Amino acid sequence: MFKTINKPDMDEYNNLMEKTQEWAEKVGMTENDISEAISEVRKIRKAAIIIIDNCFIAILTIQRFICNSFFISK
């Protein structure tokens, strides 16, 4: 079942964008800060994927060891 996504109200969108820009100016955030934040998140995501892949490989190795030990002992 798919949910219908309605087009956002442009006045509401523009209001949110204005508030966001005001906040960014107030805290001194720059476009470079945004680029750096995106870059850091991507690095963390890549690292997480590598860790998950390594865990999966370790699990498969353990399973193979257990299966081989079971069949060898019988």
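Here's the yes/no breakdown for (1) among the hydrophobic types (A, V, I, L, M, F, W, C); (2) surrounded by 10 or more Cβ atoms within 10 Å (Cβ to Cβ); (3) not in a loop (DSSP other than H, G, I, E, B):
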{"position": "ILE5", "(1), (2), (3)": "yes, no, no"}
{"position": "TYR13", "(1), (2), (3)": "no, yes, yes"}
{"position": "TRP23", "(1), (2), (3)": "yes, yes, yes"}
{"position": "LYS26", "(1), (2), (3)": "no, no, yes"}
{"position": "GLU36", "(1), (2), (3)": "no, yes, yes"}
{"position": "ILE52", "(1), (2), (3)": "yes, yes, yes"}
{"position": "PHE56", "(1), (2), (3)": "yes, yes, yes"}
{"position": "ILE59", "(1), (2), (3)": "yes, yes, yes"}
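Do we have ARG64 as modelled with pLDDT under 90, in a helix (DSSP H, G or I), under 19 Å from the mean Cα position of the chain (by Cα) and among the basic types (Lys, Arg) here?
For ARG64, the condition - modelled with pLDDT under 90, in a helix (DSSP H, G or I), under 19 Å from the mean Cα position of the chain (by Cα) and among the basic types (Lys, Arg) - is not met.
Could we say that LYS3 is at pLDDT 90 or above and over 22 Å from the mean Cα position of the chain (by Cα) here?
So LYS3 fails the test.
The values are calculated or read from the model by the stated rules, or taken from the named source; none is laboratory data. Since this is a predicted model, take the numbers as computed values, not measurements. Counting neighbours? That spans all protein chains shown, and the Cβs are built from the backbone with ideal geometry, glycine included.
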